Amino acid sequence: MALSATLHTFAVHLADVDRGVYEEWETRVARHPSETAEFMITRLLAYCLEYREGIAFSDGGVSATDEPAVLARDHTGQITAWIEVGAPDAERVHRGSKLAERVAVYTHRDPAKVLAQLTGKKVHRAAEIPVRAFDREFVDAAAGLVQRRNTLSVSVTEDVLYLALNGTDLSSPVTEHRIA
């Protein structure tokens, strides 16, 4: 019998000063049995930092082969944002860049290693695609705080992410890199 996903509920308060986005919502995040807590929290943070009309987690989550971890669609169903998480291969990023006007990669891994597997490969509009990274210790600490029901406050100002998760405050710079 296959293991089922674990649902985590997040009451989210977002104050992204850098983009002028201020929202509150509740969301459920399904964590696939093969998904690490670190990947799940990075996926949730990518969702928050890319928050816009039409944003959603992909249906397949970590196991989706034809969609990114997070995407946004306009009212016609056209993909407008393709957001990868972790260390996607160049082919996925290339495909997303051809389908969507906005493409980004968020990682909790060593950004140099992520960039190394993308650099020099065929990636449409590679120079326009940000690879955004969080401090590994920050992601590890946040992942350790996740429960089944969570309260999450995300504030972003001057490329620093301030996170209050279930009463614990954390922060991390959000470093941005570009594919060469």
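The values are calculated or read from the model by the stated rules, or taken from the named source; none is laboratory data. Everything quoted here is computed from the prediction, not taken from an experiment. We place every Cβ from the backbone using ideal geometry, glycine too, and count neighbours over all the protein chains shown.
When the residues of the range 121-144 are filtered to those that are surrounded by 17 or more Cβ atoms within 10 Å (Cβ to Cβ) and not small (G, A, S), which remaining residue is farthest from L45 (Cα to Cα)?
Out of the qualifying residues, it is V123.
Residues are listed down the side, and each one gets a yes or a no for (1) of a type in the set (A, V, I, L, M); (2) farther than 15 Å from A46 by Cβ; (3) surrounded by 21 or more Cβ atoms within 10 Å (Cβ to Cβ):
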| position | (1), (2), (3) |
| --- | --- |
| E91 | no, yes, no |
| G96 | no, no, yes |
| H108 | no, no, yes |
| A112 | yes, yes, no |
| T119 | no, yes, no |
| L152 | yes, no, yes |
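Can we say R31 is within 20 Å of R102 (Cα to Cα), under 14 Å from the mean Cα position of the chain (by Cα) and of a type in the set (D, E, K, R)?
When the stated conditions are applied, R31 does not pass them.
Which is more than 16 Å from the chain's Cα centre (by Cα) and over 21 Å from T36 (Cα atoms), of T119, T151?
Result: T119 is the single residue among T119, T151 that is more than 16 Å from the chain's Cα centre (by Cα) and over 21 Å from T36 (Cα atoms).
Looking for something over 27 Å from N166 (Cβ atoms), of a type in the set (D, E, K, R) and modelled with pLDDT of 95 or more - is there at least one such residue anywhere in the range 22-37?
no
Under 8 Å by Cβ, and 6 or more places apart or on different chains, what pairs join a residue from the range 150-179 that is touching a residue at least 12 places away in the same chain (Cβ under 8 Å) with one that is basic (K, R)?
Cβ pairs passing all conditions: V156/R19; V174/R132; T175/R132; E176/R132; H177/R132.
Residues L7, L45, L14: which one is closer than 22 Å to T157 by Cα and in a strand (DSSP E or B)?
So the residue among L7, L45, L14 that is closer than 22 Å to T157 by Cα and in a strand (DSSP E or B) is L14.
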